[in-house]
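Readers should treat all values here as calculations from the given coordinates under stated rules, not as data from a laboratory. Computed from a prediction, not measured in an experiment: that's the story for all the values here. Reconstructed Cβ throughout: ideal geometry from the backbone, glycine too, with neighbour counts over all protein chains shown.
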Amino acid sequence: MKDFDCDLFVIGGGSGGVRAARMAAQRGARVVVAEAAALGGTCVNVGCIPKKLYSYAAHYAEAFEEAAGFGWTVGETHFDWGRLKAARAKEITRLNGVYEQLLRGAGVHLLQGWATLCDAHTVQVRTADGDQRITARHIIIATGGTPLVPAVSGREHVVTSDHMFDLPEFPKRLLIVGGGYIACEFASIFNGLGAQVTQVQRTARVLGGFDADVSAFVAQEMRKHGVDLKLNATVAAIEKRADGLLVTLSGGTQVVADTVLYATGRYPNVEGLGLDAAGVACDARHSIVVDAHYRTSVPSIYALGDVSTQKQLTPVALGEAMALVDHLLGPAAGKAARQMDYALIPTAVFTHPNIGTVGLTEEEARRQFKDVTIYRSEFKALRHTLSGSQERTLMKLVVDAASDRVVGLHMVGADAGEIVQGFAV
Ligand code: FAD
Ligand code: NDP
């Protein structure tokens, strides 16, 4: 049998790649990881982690305002964008180091550089010391995704979520295009931090795949917090003017903004990867096509995470990595092989207030079951009887009437993500 330089070559040191590499190395496999940028990938560097840190920062503004109702005098508050950015950068650098230690501690060989497939068993990595060609019994592609900005006049003036964490100046007037996870979360965060936020969504609702009640409720709450949410609206053109970016919406409305953020979805990182050279097939959305065991059209090459899945979430990338390592190397001693169940993936959206949800939406349940009972409660949290905030909470249970089984749980309110996580388990 041909001897390879390593048992497993992982392209991409993000959530899924690092988890797969570490677990495989712990089982005794000889593993190499190539990462072109910072270890930890999207989630650690420009995704979940910095987003949640900024969301915490934004919640302080609410806390200061509400404190007066409980007898506190807080005095004049001042937000320093530079200090928040520096604190975030320090923490992310620490996490990059933690990821590196985890990999090196497990015996993984790390290569810093862009990796390209040469054939079914060979990867070339462009490192600072020159190109390296490495052969591997198995290759995992875990290269994640990149923001997608549609063609629009003035596209060169817009930014994506990748830039938002480190903007040189705090955007006092921010216009956000999109109604998905990132658009809604960043609208809440920057509104909380003091920006005047306009959010432009092309359809009649935000968060399209969510329960319709949740979408309507969170839109109402975001508006109460001060986000100017414009539904059924699109951007016609963006022009640079002396006083900022002039954004003309369909219908003629004009908004001047310091920053225009496009949060209109992400597409798989497959460019420059050499998929054609190796014969790896993609679908019409450029996602790498995989079977139930994450195997691509080339038997020795696998793909996981955002580059191949429609559910672009960190726990999904992690779950796929663990299932794939069990499949390739066998499960850990005394454990059954892990498999991913995509049926009921819980999810949280860190809007203000948060959304937490698991299971079917009401619409989905009505399609699947003959009789559906809805238990819905909307209320003002006790805290807000004194805080002065008008924020309300929504809880909704979707129940299959025949079996009396809960098939969907949806919440919009403080800490909804954490609360629903308990039920999801
Ligand atoms: P990634 O983590 O993106 O890692 C891919 C890595 O591959 C990158 O480091 C990249 O540099 C590297 N790479 C790419 N091509 C090459 C190459 N040719 N050679 C070498 N290296 C390469 N998910 C949640 O579950 N919860 C959240 O709260 C959440 N918040 C988010 C907020 C934002 C703003 C964004 C953008 C995403 C968020 N996500 C969240 C989604 C989550 O970040 C992704 O689903 C997750 O990071 C996907 O992991 P991955 O391993 O597939 O890819
Ligand atoms: P989403 O798919 O969530 O939302 C994209 C939004 O952009 C939708 O509102 C969509 O409208 C709109 N849109 C798409 N194309 C266009 C266009 N050409 N013109 C105008 N609007 C357009 O993508 P995001 O970029 O927000 O996030 C990417 C992924 O990252 C998410 O799907 C999620 O998996 C992950 N993520 C997870 C988070 C979490 O777990 N908390 C947080 C952030 C990201 P329409 O509704 O009409 O389709």
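Per-structure values
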quantity	calculated
Gaussian network model of the chain, Cα within-10 Å springs - most flexible of Val197, Val349, Val406	Val406
Trypsin sites (Lys or Arg not before Pro), loop per DSSP, at most 10 other Cβ atoms within 10 Å - longest free stretch of the chain	3-284
Among Ala333, Ala216, Ala263, residue whose mean-square fluctuation peaks in a GNM of the chain (springs only between Cα atoms under 10 Å)	Ala333
Low-density loop cleavage sites - GluC sites (Glu not before Pro) in region 200-280, where at most 14 other Cβ are within 10 Å (DSSP)	Glu271
Cβ-placed point charges (K, R +1; D, E -1), dipole of the chain about Cα centre in debye, nearest 20	200
Mean separation of Cα contacts under 8 Å, 6 or more apart, over the residue count of region 308-406: relative contact order %	17
Residue of Ile189, Ile288, Ile134 that the Gaussian network model of the chain assigns the largest fluctuation, springs spanning Cα pairs under 10 Å	Ile134
Translational diffusion of the chain, µm² s⁻¹ [Kirkwood Rh, Cα pairs; Stokes-Einstein; 20 °C; 1.002 mPa s]	91
Loop-resident sites, region 276-366, for GluC sites (Glu not before Pro), counting at most 13 other Cβ within 10 Å (DSSP)	none
Most positive-pole-ward Cα, Ala237, Thr314, Gln421, against dipole of the chain from beta carbon charges	Gln421
For region 144-200: relative contact order, % (alpha-carbon pairs under 8 angstrom, 6 or more apart)	31
Residue pairs, from the table Lys224/Lys380; Lys52/Lys172; Lys85/Lys240; Lys370/Lys396, whose Cα atoms sit over 22 Å apart	Lys85/Lys240
Estimated Rh, region 278-331: Kirkwood, alpha-carbon pairs, angstrom	11.4
Taking only Cα atoms of region 150-211, radius of gyration then Dmax in Å	12.2, 37
The chain: relative contact order as a whole-number percent, Cα under 8 Å and 6+ apart	16
Loop-exposed chymotrypsin sites (Phe, Trp or Tyr not before Pro) per DSSP, neighbour cap 16 Cβ within 10 angstrom, longest uninterrupted part of the chain	80-341
